[in-house]
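Report on one structure; see the data block that follows.
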Amino acid sequence: MNNFKTKIAVCLLLFFGAASCAKDPQTYGKISHYNTNNKNSFIFSVDEEYLRKNQNSKKDKNYPKMTEAEVDLLQRLFAAENYCMNDDKKVAFTITSRQEKIYDITFSHLIEQNYNAKPISPRMYFGECR
């Protein structure tokens, strides 16, 4: 009986530990409307911490301006907000442009790598729902 209680306690501990590690996608990204006249246009900004954690992510085949990790994050944000869903209830979007992080000094790339500098503007993508 005591062994059974120990197993249950360990299982619960692992479950709650895993659940606490799973972060809300809104922690790492944000979607906002880009054009008030066009409700299907959006800006997707990605948190610096997320980019660092996923710096080895490959370019996505369907969205070459984005990495696979960024596409995954964007799709989870769309699903959570029920935005950019087509008739089949699947996420459908197009990325029209990408804006890199903006730093306020010259030689920013070298400074970012060597001194862990934070950008004054995050990486952003502009897009439209299909």
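Scanning segment 44-67 for residues that are touching an Asp or Glu at 6+ places or on another chain (Cβ under 8 Å) and either among the charged types (D, E, K, R) or surrounded by fewer than 11 Cβ atoms within 10 Å (Cβ to Cβ) (or both) returns K58, K59, D60. Among helices (runs of 4 or more DSSP H) lying entirely in segment 23-130, which contain 2 or more residues that are at pLDDT 90 or above and touching a strand residue (DSSP E or B) at 6+ places or on another chain (Cβ under 6 Å)? Filter on segment 23-130 gives 68-81.
The values are calculated or read from the model by the stated rules, or taken from the named source; none is laboratory data. Note that the coordinates shown come from a computational prediction; the quantities given were computed from them, not determined experimentally. We place every Cβ from the backbone using ideal geometry, glycine too, and count neighbours over all the protein chains shown.
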